[in-house]
Every structure is written in structure tokens, then in C-alpha cells.
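Participant: One structure, as C-alpha cells, below. Some questions next.
The values are calculated or read from the model by the stated rules, or taken from the named source; none is laboratory data. Not measured: the values here are computed from a predicted model. Cβ sites come from the backbone with ideal geometry, for glycine too, and all protein chains shown count toward neighbours. Accessible surface areas use protein heavy atoms only, side chains included; no ligands, DNA or RNA. Shrake-Rupley method; radii C 1.70, N 1.55, O 1.52, S 1.80 Å.
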Amino acid sequence: MNDFTLTPPRAATVLRTAWRKHSVWLVTALILALLTVFDRTQAGASIAFTAEALAGTAPFLVLSIAVAAWATATGADNLIARAFTGAPAVMILLAALAGGLSPFCSCGVIPLIAALLAMGVPLSAVMAFWLASPVMDPSMFVLTTGVLGLEFAIAKTLAAIGLGLMGGWVVHFLGRAGGLADPLREGIGNGGCGGSKLRDPKPVVWRFWIDPERRAKFGREAASVTLFLLKWLTLAFVLESLMLAFIPAETITGVLGGTGLAPIALGTLVGVPAYLNGYAALPLVGGLVGQGMAPGAGLAFLVAGGVTSLPAAIAVWALVKPRVFALYLALSLTGAFAAGLLFQMWNLT
């Protein structure tokens, strides 16, 4: 007699398992497959764009992966995590200043943020750095000065630091009130073993390579971090290539003309899904400002677009739980609008 059960077919089980483990890679492959069928030229362009973007991010990836793996293998992540404990005011201030002045773009900061979270660094300091870093860096300051003027460059730098401070303190107070309990996804930072590094610190073994177990730990951590970052960045860059191809830049920036509060609010909202990197956006915003667009709207667009660019937003989604992702977007919107409004008021005085 045949044994009929309610167990699903083996193929369905395999597919569910594959989806659960490799959903990000499968989505990326599906997008490229559809492009190949319907627009082979764009498929090639998207692959080339993604490869070039990954190559540009590679130095940050390699350095951050090596640091994360080294810290785990030696136990130095205990010291790094503990260095971010203590007085919240100092911790958040230093994180915001480091973010606003560091040479990291929204893509380059992703592996560093992942490493900090994996080490158990408090979310308030991470958020301060996270929000400030993509908005301004030394080379961006020089280019902004050349395109939009020194006053605009200084305003953008202050907006970056202010956004980091605001975000860090909001996260800190929400955390104290219990509103951000276990904010990170399972297996990342406080969501997994990271919190134990603060509660039960272990001795540091700097010469980890002499211990076979620690060498193996270094390899496992490096492979794990590499795969995690690579799958999310690949998807982000593929999607960004499609936005660049099918949404003309002039369509996004052309609606930001005019004066008053409305352009600032509109610049903030349009900046959220902005696909332009900071360098490409500057001349477009500069042209619109020259044609009479409110400077505050231009600053709001650049700040919101820098913080919530596609790679950065996808990375946030991958690392934190949905409620923290929503908070990240809310802080970005609020901070960008406030920065634009204050800059506009400054220009009117």
C-alpha cells in the first residue's frame, strides 16, 4: 500500500530552502534574466555598471572585511566595542564628527557600518556615523565649493554633522525608553553574539595566526562578511543601474524650481529615492540654483539623496529590523528638511 502523506513534494522543499538561504542572489539573477530577455543591451550595461561599482567599492570592502575578521579572530572586537561605551554625549559627538569629515561615500561606509555592528557598537553611535558619513567628505567639500560655492559647502558639512547628532541622540533616547530593544537583525551585532562581547569580554590574542582555531575563525568570519556584503551591494547596484537608465536626471531635478517652503519639502521627498551620486548631482543642482531654484531646496535634495541613496538604504534594510529602517528614513527626511529650511532662512537674512 502506498504511503500518502501531507509532506510537500521534494522540489517545493528544495525551492523554499533555496529561497530562504539565497533570496537576494535569486532576485538579482531574476532581474538580469528578465533584462536579457526583454532588453539585452541594458542587461549588459547593468552588469558592467555593477561590476564597475563593486570594483570602486572593493578597497573599502577588503579593508573592512579584513578588520572585521581580524577583530573576531584576535578578540580585539571586545576592546573596540568597549571603546564605544560610556558617555553618550562624547560617543555620539565623535561619531557624527567622524562621519561628517571622513572620506566615505554611501557605498563605502556600508562595510564599515557592518563591521561596527558586528562588534556590538551601540546603535546610537552607529546611527550618528551612518547618517553623517554619506553627506560630506573632503573631496566632496572641494567639489561642492567649486560648483555651488564655499557657503553651500560649509552648510552641507554642518548639515551632515547636525544630522548625525540628531540621529544619534534620538536613537539613544528611544533605546533608553525601550523603544529599540533588539534593533538589529539576527546574527548582527546586538542581535546575535555582538552583545556578549560587552557583557563577557575575553582576553585578546594579537598573534592569532599561531592558533589553528583562530586562523579558521578568521577565514570563516571573512567569508561570512564578504558574502553578506557582496549579495546586498550587487542587488543595490543592479537596481541603481536601472534607475539611471530609465529615469532621466532632468525629470528628478527639474521639479525643484521655485521658492518658499514647498520646494524644500519637495526636494526632501525627491531626494529619498535619488539615484544620483553626490558628484553627479552637484552640477545639476548648481544649474537649477543658477536658474532661480531655492538654495534650501538644493541642500535638502543633496542631503536626503546622499543619506538614502539606493545602496545605503538597502544596506540599512539588510542590517536592521524594519522599525529601525523606518526610523532611519524618518530621521533622514526630518534632518534634510531642517537643513534646507535653516539654509534658506540664512540666505534670506
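Participant: Of everything in the stretch 281-312, what is among the small types (G, A, S) and either touching an Asp or Glu at 6+ places or on another chain (Cβ under 7 Å) or modelled with pLDDT of 75 or more (or both)? Give them in sequence order.
Facilitator: A294, G296, A297, G298, A300, A304, G305, G306
Participant: Let me ask another. Quick one: A95 ticks every box in (1) at pLDDT below 70; (2) closer than 30 Å to V171 by Cα; (3) open to solvent by less than 80 Å² (accessible area, probe 1.4 Å) bar one, so which box is it?
Facilitator: So A95 meets the others, but not (1).
Participant: Okay, moving on. Could you list, in sequence order, the residues of the stretch 140-161 that are among the charged types (D, E, K, R) and crowded, with 22+ Cβ neighbours inside 10 Å?
Facilitator: K156
Participant: Is there a residue being farther than 22 Å from A71 by Cα, among the hydrophobic types (A, V, I, L, M, F, W, C), open to solvent by 30 Å² or more (accessible area, probe 1.4 Å) and at pLDDT below 70 anywhere in the stretch 177-192?
Facilitator: Yes - at least one qualifying residue is present in the stretch 177-192.
Participant: Please go through (1) open to solvent by 50 Å² or more (accessible area, probe 1.4 Å); (2) at pLDDT below 70; (3) β-branched (V, I, T) for I252 and return the number of the only condition it doesn't satisfy.
Facilitator: Failed condition: (1).
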